[in-house]
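This report concerns only the one structure given below.
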Amino acid sequence: MENVLVEDVLHRFLLERAGVRGALVRLGPAWREVATRIDYPVTLRSLLGEALVASALLTANIKLDGELSVQLKSVGALRLLFTECTDQGRLRGLARWDAPLPEPLSLDELPQAVMAITIGNVERGQRYQGLVELRAVNLAGVLENYFARSEQLPARLLLAADGEHAVGLMLQKLPDEGGHGAVQDDDAWTRVMHLTATLGAAELLATEPDQLLYRLYHEESVRLFDPRPLAFGCSCSRERVAAMLRSLGREEVETTLVEQGGRIEVHCEFCAQCYEFDRIDAEQLLRGVGGVSGTA
């Protein structure tokens, strides 16, 4: 019987003997939903898949109320990279670029690049943003440096993506190994890093999560927690689009109405949903009147 890989899931686990916590994300349909919306160059598609996985991995060990996003902006050929994971496990992402992209695509060589990790609830106005220094060639290295600076604890990330799947593994050394049922072992982190170094991108993409963890860490007493389902999903809404239009101001909204023949159409780049507002809708939202009608 053919072995069916478990996809669109986040696994949290603990290496009890080593005092190391981890998370493994495997995306299939959710990643393909993002990857096939635009004809991305192969290099950029891989980076987008890695970032989408990373946004899910980063939610593994935090109490999230809202969304966690990874955003990269540059004045070079790669203008924007954005991925997001919500507290409901909904994922979305996109990238914008100008051809030709540099080959290979090294993050530390992007001109005037800025990366940020944002956590919070947009509707409640509660947001925390941390800037990430781009001092590594790839995204995994960039995020490892971020953890070292922000949490002052070592972390190891492996990220891989192709046209079908996007997979990521994250390991973090716990601050107190002995407090998790483990015997103090000064060599534990080094030992786990040696085991992790044997894992290549092809094996990471091809192997079922529980088999992969057992194959690598069976001598470290792997405790696997209940999986968390993930799926493609967009957080856009008519209310959010109305708030965006309101923020533009009356003059720009009225100008857009004239240019578009009395109707404003806003298309979501993530999910292709179209929101339409006629003159009556526009007047209501500019006055702050709730319950805006129209086509969604």
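List, please: which pairs have Cβ atoms under 8 Å, are six or more places apart or on different chains, and start with a residue in the stretch 248-266 that is part of a helix (DSSP H, G or I) and end with one that is hydrophobic (A, V, I, L, M, F, W, C) and loosely packed, with under 12 Cβ neighbours inside 10 Å?
none
Mind telling me which of the residues ALA148, ALA140 ends up being modelled with pLDDT of 90 or more, over 19 Å from the mean Cα position of the chain (by Cα) and more than 18 Å from LYS73 (Cβ to Cβ)?
Working: ALA140 fails: over 19 Å from the mean Cα position of the chain (by Cα).
ALA148 is the lone residue from the list that is modelled with pLDDT of 90 or more, over 19 Å from the mean Cα position of the chain (by Cα) and more than 18 Å from LYS73 (Cβ to Cβ).
Any idea which residue in the stretch 91-127 is nearest to PHE270 (Cα to Cα), counting only those that are surrounded by fewer than 17 Cβ atoms within 10 Å (Cβ to Cβ) and charged (D, E, K, R)?
ARG96
Among SER55, SER74, which is the only one that is at pLDDT 95 or above, surrounded by fewer than 22 Cβ atoms within 10 Å (Cβ to Cβ) and in contact with a Leu (Cβ under 7 Å, 6 or more places away or on another chain)?
SER74
Which ones in the stretch 198-222 are in contact (Cβ under 8 Å) with a residue 40 or more places away in the chain, of a type in the set (D, E, K, R) and surrounded by 13 or more Cβ atoms within 10 Å (Cβ to Cβ)?
Correct list: GLU208, ASP210, GLU220.
Do you know which residues across the stretch 170-188 are within 18 Å of ARG17 (Cβ to Cβ) and either at pLDDT 95 or above or part of a loop (DSSP other than H, G, I, E, B) (or both)?
Of everything in the stretch 170-188, those that are within 18 Å of ARG17 (Cβ to Cβ) and either at pLDDT 95 or above or part of a loop (DSSP other than H, G, I, E, B) (or both) turn out to be LEU171, GLN172, LEU174, PRO175, ASP176, GLY181, ALA182, VAL183, GLN184, ASP185, ASP186, ASP187.
For VAL6, which of the numbered conditions (1) surrounded by fewer than 17 Cβ atoms within 10 Å (Cβ to Cβ); (2) touching a Pro at 6+ places or on another chain (Cβ under 7 Å); (3) modelled with pLDDT of 95 or more fails to hold?
Of everything listed in (1) surrounded by fewer than 17 Cβ atoms within 10 Å (Cβ to Cβ); (2) touching a Pro at 6+ places or on another chain (Cβ under 7 Å); (3) modelled with pLDDT of 95 or more, VAL6 misses just condition (3).
Select the strands (runs of 3 or more DSSP E) contained entirely in the stretch 61-140, then report the ones holding at least 2 residues which are small (Gly, Ala, Ser).
90-97, 114-121
When you look at GLU164, is it assigned to a loop (DSSP other than H, G, I, E, B), acidic (Asp, Glu) and surrounded by 12 or more Cβ atoms within 10 Å (Cβ to Cβ), yes or no?
On the way: assigned to a loop (DSSP other than H, G, I, E, B): yes; acidic (Asp, Glu): yes; surrounded by 12 or more Cβ atoms within 10 Å (Cβ to Cβ): yes.
So GLU164 passes the test.
Could you list, in sequence order, the residues of the stretch 134-160 that are closer than 14 Å to ILE117 by Cβ and in contact with an Asp or Glu (Cβ under 7 Å, 6 or more places away or on another chain)?
LEU134, LEU139, ASN145, ALA155, LEU157 - these are the residues of the stretch 134-160 that are closer than 14 Å to ILE117 by Cβ and in contact with an Asp or Glu (Cβ under 7 Å, 6 or more places away or on another chain).
Tally the residues that are in contact with a Leu (Cβ under 6 Å, 6 or more places away or on another chain) and surrounded by fewer than 24 Cβ atoms within 10 Å (Cβ to Cβ), restricting the search to the stretch 23-33.
1
Applying the selection to the stretch 9-37, what residues are outside any helix (DSSP H, G or I), farther than 15 Å from MET170 by Cα and among the charged types (D, E, K, R)?
GLU16, ARG17, ARG37
The values are calculated or read from the model by the stated rules, or taken from the named source; none is laboratory data. Since this is a predicted model, take the numbers as computed values, not measurements. Quick reminder, even Gly has a Cβ in these numbers, built from the backbone with ideal geometry, and neighbours come from all protein chains shown.
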